[in-house]
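See structure below.
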Amino acid sequence: MTAEYMVDVRRIHKSFGALTVLDGVDLQVRRGEVTVLLGPSGSGKSTLLRLINHLERADRGFISVGGELMGYRRAGDRLHELKEREILKQRTRIGFVFQNFNLFGHLTVLENVVEAPISAQRRPRGEVETEARELLARVGLEDKVSEYPRRLSGGQQQRVAIARALALAPDVLLFDEPTSALDPELVGEVLAVIRDLARAGTTMVVVTHELGFAREVADTVVFLDEGRVVEQGPPAEVLDNPRHARTRAFVDKVL
Ligand code: ADP
Ligand code: MG
């Protein structure tokens, strides 16, 4: 792959009615790097992740993942929008982990993990199940494959959600506040899994208020406020020595 950036967001604008939520946002993530996205509630973090994953549609701007323009095809110097089916296929290249896990409650842990590779990627069940068991072992849940989500703790459910996202072998994993719905004693086990993924070179964008985690794992921290990137850089700069008053105020409040 020749693309410089695994995720490349250019001048994205998004409004809901009269409310401008993203006002010309750029975001570049290199292959194998971790970007932590910070910002106050309502600053547009979830909307940005949802745009990357085609859960929302941008008003202006472009997004590419792995060098491929998301939602569009280039024909000469013109862009053509993709059909829904093609967009669904592109979406399988992006793993998304939600705040509230979003597991399928009527499916077992193993069935949750194998569902998308079988139905969206049309891969053979046997091979997918073998991989799914390996992924569940990687997140420490090899003994829970036959359980239903409601019988698991929040931390275990979130680890299933991470295994499910990994099962598509995505180019990038997006996390939207993956630990904010968890009891405090369960936060660590989920962050540990994300930390292991970072060490293994997984490209990730993580929205989180866990600044200790950001300091340790992020290559780049991006601070978003009122739909704009206010400041970005290595954690040692943005978190420990912010240049902007708004970043400083946010970091002081979260700490
Ligand atoms: P964050 O994740 O940073 O808290 P969001 O991206 O969820 O922020 O939301 C940014 C703003 O956009 C908020 O004011 C929110 O109410 C608004 N918003 C988000 N989604 C929608 C929607 N589907 N319709 C209308 N307003 C929305
Ligand atoms: Mg949000």
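The values are calculated or read from the model by the stated rules, or taken from the named source; none is laboratory data. Here the structure is a predicted model, which is why all the values come from computation and not from measurement. Here the Cβ positions follow ideal geometry from the backbone for every residue, glycine too, while neighbour counts run over all protein chains shown. Quick note on the areas: whole protein, heavy atoms, side chains included, nothing else; ligands and nucleic acids left out. Shrake-Rupley method; radii C 1.70, N 1.55, O 1.52, S 1.80 Å.
Among the residues of the stretch 84-101, those that are free of Cβ contacts under 8 Å to residues at least 40 places away in the same chain and surrounded by 15 or more Cβ atoms within 10 Å (Cβ to Cβ) comprise 87, 90, 91. Annotation: of all residues in the stretch 201-255 being part of a loop (DSSP other than H, G, I, E, B) and small (Gly, Ala, Ser), the one that is farthest from the chain's Cα centre (by Cα) is 227. The single condition among (1) under 17 Å from residue 107 (Cα atoms); (2) touching a residue at least 40 places away in the same chain (Cβ under 8 Å); (3) surrounded by 22 or more Cβ atoms within 10 Å (Cβ to Cβ) that residue 141 does not satisfy is (2). Among the residues of the stretch 218-249, those identified as open to solvent by 20 Å² or more (accessible area, probe 1.4 Å) and of a type outside the set (D, E, K, R) are 220, 229, 230, 232, 234, 236, 241, 244, 245, 249. Within the stretch 179-200, being within 14 Å of residue 35 (Cβ to Cβ) and touching a residue at least 60 places away in the same chain (Cβ under 8 Å) holds for one residue alone: 198. Restricting attention to the stretch 120-159 and to residues that are under 20 Å from residue 179 (Cα atoms) and either among the acidic types (Asp, Glu) or outside any helix (DSSP H, G or I) (or both), the residue that is nearest to the chain's Cα centre (by Cα) turns out to be 139.
Scan the stretch 190-217 residue by residue and report those that are open to solvent by 10 Å² or more (accessible area, probe 1.4 Å) and among the small types (Gly, Ala, Ser). Correct list: 192, 198, 200, 201, 212.
The set of residues in the stretch 175-189 being surrounded by fewer than 18 Cβ atoms within 10 Å (Cβ to Cβ) and not in a helix (DSSP H, G or I) consists of 180, 181, 183. For beta carbons closer than 8 Å, sequence separation of 6+ or different chains, a first residue in the stretch 223-238 that is of a type in the set (Phe, Trp, Tyr) and a second that is part of a loop (DSSP other than H, G, I, E, B), the qualifying pairs are 223/39; 223/242; 223/244.
Within the stretch 1-56, the set of residues being loosely packed, with under 14 Cβ neighbours inside 10 Å, more than 13 Å from ligand 1 (Cβ to nearest atom) and small (Gly, Ala, Ser) comprises 32 only.
In contact (Cβ under 8 Å) with a residue 40 or more places away in the chain and either open to solvent by 60 Å² or more (accessible area, probe 1.4 Å) or of a type in the set (D, E, K, R) (or both): is that true of residue 81 in this structure? Considered against the rule, which asks whether it is in contact (Cβ under 8 Å) with a residue 40 or more places away in the chain and either open to solvent by 60 Å² or more (accessible area, probe 1.4 Å) or of a type in the set (D, E, K, R) (or both), residue 81 comes out as no.
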